[in-house]
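Reading through the structure tokens given below for one structure.
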Amino acid sequence: MPYRTIIEPFRIHSVQAIRYPTPEERLAALEAAGYNLFGLHADDVIIDLLTDSGTGAMSSKQWAGMMDGDESYAGSKSYYRFRDTIKELTGFAEIIPTHQGRAAERILFAVTVHAGDVVPNNTHFDTTRANVEYQHAEARDLVIAEGHDPSSLHPFKGNMDVAALEATFDDVDRDRIPLAMMTVTNNSGGGQPVSMANLRAVSELCRNRGIPFFLDACRFAENAWFIKLREPGYEDRTPREIAREMFSLADGCTMSAKKDGLANIGGFIGLNDRDLARDCRNLLILTEGFPTYGGLAGYDLEAIAQGLDEVLDEEYLRYRVRSTAYLAEKVLAAGVPIIQPPGGHAVYLDAAALLPHIPPHEYPGQALAAELYLDGGVRGVEMGSVMFATRHEDGTETPAPMELVRLAVPRRTYTQSHIDYVAEVMIDVAQRAEHLRGFRIVEQAPWLRHFTCRFEPIADP
Ligand code: F0G
């Protein structure tokens, strides 16, 4: 395109109305939800940036594919379209549909991970960590040091610390490491990409040690786009070629099609190991469904097959990454601290930097997320000590490495003026930062507590 402005590469074909709850309604809704934004009715949210997972708009071609979905229990045409699309993209021999990403994790780990094992990853996503820990194994995060520094401008802050991975391989018995994983992009670490060089180094190390290497591939297309933009030698390669190369370095993957599958639900496991695939399918039948639908409707399989094709379109990826950066630039210009450079799917506000008067055990990210909602009806998600603190038996907690609020941008859903509005709300809240107060947790679950815990605001001293 000859002009500088990168436009949305689509026309809007169908719309959903947004409701505008009043400030009083928002306060009442938040109190009723125990100050947990997951507990809100979505109708009480004006701009919903809770997640980019399953919340995007599907294309007319995806909807058309859904009309043509084959709902046969076994061997449906839609399954074969799904399987062949993914085989062609990933090169994996065995494709196992699941109802979403965590179901893929659950099945893969139930089959491969045992008590006392160690699973390295750049940074485990919350469900990935919980599914490893549910097997009584250790989920070990080994992202490079720059990945913990919100202001570092390293182009691939999602990279694995290869020396630390090697040290783990040296220190832990080979049969206690069932697999190593890399999350692309690194969601819990700010949506930061991983370079091809780093993927190659991890892949080689794993192969030398005989340890299977898996991608958590949720945002593989956004990662491929960052490689094209930032890694020398990839400028002239297509996103599809780059994605293929990424998958070719791995022995398998787990995938949530709710992200770069551009679908509202779905996921899969991709594998080369036939015996492992057989064991996964046996478990799949127990919990998800027959291996040709894996907990999905035939029409979901169609939507995913089409989505995986559209997501690699260069105009789409250019717009996608640019629209996230646009929000980041606006708030940065106003002095709001964020993780830099911005990630592919989300802007991560640095609550620790913005609210130095709120200590980690009073959850600064939660304070900021609650205020963004009260102020402007914007829903983000805390990604700090509520989500990632290490909880000890005596009730104390070791804080998470960073205190963040993630504003995840659903794919193809909001326009530039929606994003302008979000920036205005963020800047307004940041200007009143010293008045924000922390929270205490009054009810929580044994794992993944952030989804359901209830909070109480801490009153002024
Ligand atoms: N891995 C990563 C990196 C993820 O971001 C997610 C989900 C999953 C696995 C699990 O997939 O939701 O389909 O079961 N992330 C969403 C988010 C929920 O908001 O970032 P799922």
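The values are calculated or read from the model by the stated rules, or taken from the named source; none is laboratory data. Computed from a predicted structure; not experimentally measured. No Cβ is skipped: glycine too gets one built from the backbone with ideal geometry, and neighbour counts run over all protein chains shown. Heavy atoms of the whole protein, side chains included, go into the accessibility calculation; ligands, DNA and RNA do not. Shrake-Rupley method; radii C 1.70, N 1.55, O 1.52, S 1.80 Å.
Semi-axes, largest first, in whole Å: what does sqrt of 5 times each Cα gyration tensor eigenvalue give for the range 72-174?
Values: eigenvalues 192, 76, 34 Å².
Ellipsoid semi-axes (Å, largest first): 31, 19, 13.
Annotation for V172 and R274: the two label points, set 7 Å from Cα along the Cα-Cβ direction, are 3.0 nm apart. Amide H neighbours of V143 under 5 Å, at least 5 residues apart or on other chains, H built in the peptide plane: list them. Answer set, sorted by chain and number: D161. For the pair K87 and Q16 in one chain, pulling the backbone fully straight at 0.36 nm per residue adds 22.1 nm over the alpha carbon distance. Note: the range 155-261, Cα convex hull, 97 Å³ per residue. Taking packing as the residue-averaged number of other Cβ atoms within 10 angstrom, the listed peptides 304-311, 91-98 run from highest to lowest as 304-311, 91-98.
With a Förster radius of 60 Å applied to the beta-carbon distance between Y80 and R440, the computed FRET efficiency rounds to 0.70. The local environment of C206, defined by Cβ-Cβ distances under 12 Å, has a net charge of +1 under the rule Lys, Arg +1 and Asp, Glu -1. Where Rh is the Kirkwood radius over the Cα pairs of the chain, the temperature 25 °C and the viscosity 0.890 mPa s, what D in µm²/s does Stokes-Einstein return? It comes out at roughly 109 µm²/s.
Report, as a whole number in µm² per second, the diffusion coefficient that Stokes-Einstein gives for the range 60-310 at 20 °C and 1.002 mPa s using the Kirkwood radius over alpha carbon pairs. Before the final figure, lay out the partial values.
Working: Rh = 18.1 Å.
Approximately 118 µm²/s, per Stokes-Einstein.
Within the range 298-449, the percentage of alpha carbon pairs spaced more than 21 angstrom apart rounds to 50%. Potential lengthening of the chain between N282 and W63 amounts to 75.7 nm, from the contour at 0.36 nm per residue minus the alpha-carbon distance. Leaving out ligands, DNA and RNA, and with a 1.4 Å probe, what % of the accessible surface on the chain is carbon or sulfur? Percent of accessible area from carbon and sulfur atoms in the chain: 52.
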